[in-house]
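See below for the structure under consideration.
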Amino acid sequence: MGSNEIAVDVLLVDDEQDVRELISEMLSRAGYTVRTASDGRDAIEVLDHVRPSVIIMDLQMPVMNGAEFRQAQRRNRDWIKIPTVVMTGTTDEPLLDLAIEETLHKPVRVRKLLEIVGRHAQGSRSPTGVSG
């Protein structure tokens, strides 16, 4: 990690503000630090200053979608090391070419979200006492 980078647990990338706020709140309540981005291009700008332990991203976004972001991420030797979880509301999106760690289906269940983030984020936390 570079000297100008800030360590956070999760970079959450979704074009829907309500989704970003809801998932950020879930993760924050569980003790994770979260940064958000509204699309892939915004996420790249965030990655210039922030080093997350895991990226959770939607696939269908304007400006730069999740697949395009993933291509850019895979070309960067530092960013490619960051585990990436895709959030999707459909089952027909092609995921094989993205080389992602996991898939999180919408609507997102709290327990599943915390389980996945706990596997990848620094200082893994347990989702005990959280219903979902």
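Read the figures in this text as sums done on the coordinates, not as results from a lab. From a predicted model like this one, the values you see are computed outputs, not experimental measurements. As a convention, Cβ positions derive from the backbone with ideal geometry for all residues, glycine included, and neighbour counts pool all protein chains shown.
Among 70, 75, 109, the ranking by other beta carbons within 10 Å of each residue's beta carbon, starting with the fewest, stands as 75, 109, 70.
For segment 6-120, the dipole from Cβ point charges (+1 on Lys and Arg, -1 on Asp and Glu) about the Cα centre works out to 500 debye, to the nearest 20.
Hey, what did segment 6-120 get for relative contact order, percent, Cα under 8 Å, at least 6 apart? Reported as a whole number, the value is 24 percent. Note on segment 6-120: percent of Cα-Cα distances in each 5 Å bin, starting at 0 and stopping at the bin with the largest distance, equals 2, 12, 26, 28, 21, 9, 1, 0.
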